[in-house]
Amino acid sequence: MKILVAVKRVIDYNVQVRVKEDNTGVVTENVKMSTNPPDDNAIEEAVKIKESGKATEVVAVSVGEEKAQETVRKALAVGADRGILIKADGILEPLAVSKLLQKIVEKEKPDLVFMGKQAIDDDCNQTGQMLSALLNWPQATFASKIEIKDKKLEVMREIDEGLETIEINIPAIVTCDLRLNEPRYASLPNIMKAKKKPIEQINASDLGVDTSPRIEQIKVEEPPKRKAGIKVKSVAELVQKLKNEAKVI
Amino acid sequence: MSVLLVAEHNNKELKPFTLNAVTAASQMNTDLHAVIIGNNCGDVAKKLSELPLVKKVIQVEAAHYENFVAENFAPVIVKLAENYSHVVCSANTFGKNLMPRIAASLDTSQVSDIIKVISADTFLRPIYAGNAFATVKSKDPKKCITIRPTSFDPCESSGGSAPIEKAEPSEEFSNTKFVKREEIKSDRPELGTARVVVSGGRGMQSGDNFKLITSVADKLNAAIGASRAAVDAGYISNDHQVGQTGKVVVPDLYIAIGISGAIQHLAGMKESKVIVAINKDGEAPIFSVADYGLEADLFEAVPQFIEELNKLNTIQK
């Protein structure tokens, strides 16, 4: 079994994002970048499945600028066998990314495609579902537990009401929740080894996909600021304020 | 052309957020139709037809719609979408799972999780966990939009009498099978719509200590929330998680207890009207959004808080 894992390079989750003064986007210069957090869970799960002997190859793929190679390299350092970088500049919408991934799926013919359930930059939560629509494959979104049963997967999904379990036939798409597993850190020897693993580079334009944006970003602004609050000295003062000032209890 | 709203329900009742989605959809175009897909959901179709903003209800029924599998829902909505300019539903786990599957089939770039309708094609949506707001204009001929329910008021729920039309179901998608759903039943208000939310974080130290949160919630008739750290640590189940990848809540009162206030948590609660933080670390980022901050050991402060609430004897209903 072969597993393709899509990973995205995003602003690190600990960075306080700042809006550009000209309102065209957010500041990305000299900002720490890393792998989209749930994509780390997707890689971890694929590598665990390979370690259990149920998969033979894990291929990491990313779409983006040249530097997204670092994100693919990180996936190789935690256990992916080889990488693919689809090079594309500018804003890429999930629809364009899913069409590019579809081309890679047609070429690589994986049995499973894993990715994070949502990217923490654009917060779209679309790519996995779109890819499964384009391929007409089953989708298991927001997965917090995956069990492989022969040619099927049993997946526990996190939903608003609690948990849902579905069974899907392979080939299939799984989008991973942060609770799926505990991603490992890359060890130094594995980081060194990853430098020798191959990363194939493909230009998005060579895949015959129109990636031009369908959504015009008119402006990006700071959200309205909350006015500063106060510190109370005691529980009694807190309750008095909530009752008499805020009038919420 | 008109707007098609996808109703969320459980075959017995409409989910409350459908009413918020109707409000948002009606702001895109007042010629608003609602589709309900399910199994034996006639009563819910009737309730939907009573929403004054809904001009027509389309009811699609089949056994394979019983459990809301997106692979079954998408083809029927894609077919209906021929006659509509917009397809709209809530950006909760139902809509997040379903809408991109519809959008890709329609070759539309979806606009997710909007918080404001500026015009029929222009919307405001938060990005980067709500640290920036983007104004975006969809250039696709058909628009697929998910809305953040807490950013729109629920619509009127009675007085209307829209016609109900039946539509043909699509074939079953045989590669996905529903197995089971484990819903946590509670008499408390729903987290997404509660007037008061009391949340605990890693500072609670154990699942057992969450009974302090429960006691406060009992006094205030509140829903119980949690930070991701508390859910990851196993103190409480995932359906309580508030934040970027959990639920977004906008209650009148949000009480954060033992929550440091990571960016990801603030994304889910910072629009609340009044925020209270109880934390022993005076530097915790939660204090930057709190209207009332109490720097104290929660294990001393929360029992006192419960006692003070008892004195007030104002149990809210």
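Compute the long axis of helix B:210-220 from its Cα atoms, compare it with the longest principal axis of the Cα atoms of chain B, and write down the angle in degrees, 0 to 90, nearest 10. Long axis of B:210-220 versus the principal axis of chain B: about 70 degrees. The mean count of C-beta atoms from other chains within 10 Å of the C-beta of residues in A:112-120, rounded to a whole number, is 2. Please say if chain B is rounded, prolate or oblate, where rounded means a/c under 1.5 for a ≥ b ≥ c the square roots of the C-alpha gyration tensor eigenvalues, and otherwise the choice is prolate for a/b larger than b/c and oblate otherwise? Prolate, since a/c reaches 1.5 and a/b exceeds b/c.
How would you rank B:F73, B:F178, going from fewest to most other Cβ atoms within 10 Å of each one's own Cβ?
By the 10 Å Cβ count, ascending: B:F178, B:F73.
A Gaussian network model of chain A, with springs between Cα atoms under 10 Å, assigns the largest mean-square fluctuation among A:A186, A:A75, A:A119 to A:A186.
Counting neighbouring Cβ atoms within 10 Å and putting the fewest first, the residues B:I275, B:I118, A:I215 line up as B:I118, A:I215, B:I275.
Relative contact order for chain B: 15 percent, from Cα pairs under 8 Å spaced at least 6 residues apart, divided by residue count. Peptide B:135-142 shows a mean partner chain C-beta count of 4 within 10 Å per residue C-beta. I'd like the distance separating the alpha-carbon centroids of segment A:46-85 and segment A:100-178, in whole Å. With segment A:46-85 and segment A:100-178 each reduced to a Cα centre, they are spaced 16 Å. Taking Lys and Arg as +1 and Asp and Glu as -1, the other residues whose beta-carbon sits under 15 Å from that of B:T108 total +1.
Listing A:L131, B:L294 from fewest to most neighbouring C-beta atoms within 10 Å gives B:L294, A:L131. Computed 3J(HN,Hα) for segment B:282-291, one whole-Hz value per residue from the Karplus formula 6.51 cos²θ - 1.76 cosθ + 1.60 where θ = phi - 60°, is x, 8, 4, x, 4, 5, 6, 10, 7, 6, glycine and proline marked x.
Where a ≥ b ≥ c are the square roots of the eigenvalues of the C-alpha gyration tensor, would you call the protein assembly as shown rounded, which needs a/c under 1.5, or, failing that, prolate if a/b is larger than b/c, or oblate? The shape class here is oblate. Sorted into 5 angstrom bins from 0, the C-alpha pair distances of segment B:2-166 split as 2, 10, 20, 24, 22, 14, 6, 2, 0 percent. Peptide A:179-188 shows a mean partner chain C-beta count of 1 within 10 Å per residue C-beta. The H on the amide N of A:E200, modeled in the peptide plane, is under 5 Å from the matching H of A:G83, A:I84, A:L85, each at least 5 residues off or on a different chain. Each principal axis of the Cα cloud of segment B:196-312 was evaluated for its coordinate range; sorted largest first, these ranges are 37, 28, 26 Å.
With the convex hull drawn over the C-alpha atoms of segment A:146-201, the volume per residue is 151 Å³. Panel note: the C-alpha atoms of segment A:2-224, placed on their principal axes, show extents of 54, 44, 36 Å (largest first). In this label model, B:E171 and B:D297 are separated by 6.7 nm, measuring between points 7 Å along each Cα→Cβ vector.
Taking amide H as placed 1.01 Å from N in the peptide plane, A:K219 has its amide H under 5 Å from the amide H of B:T135, each at least 5 places away in sequence or on another chain. Relative protection proxy for A:200-212, B:102-114, from highest mean packing down: B:102-114, A:200-212 (other beta-carbon atoms within 10 angstrom). Over 30 Å apart at the Cα level, from the set A:K103/B:K270; A:K196/B:K177; A:K50/A:K107; A:K32/A:K195; A:K20/A:K195; A:K67/B:K247, are A:K103/B:K270; A:K196/B:K177; A:K20/A:K195; A:K67/B:K247.
All of the numbers you see were taken from the coordinates with simple rules; none came from a lab. Predicted model, so just to flag it, every value in this text is computed and none were measured. Glycine also receives a Cβ, built like all others from the backbone with ideal geometry; neighbour counts cover every protein chain displayed.
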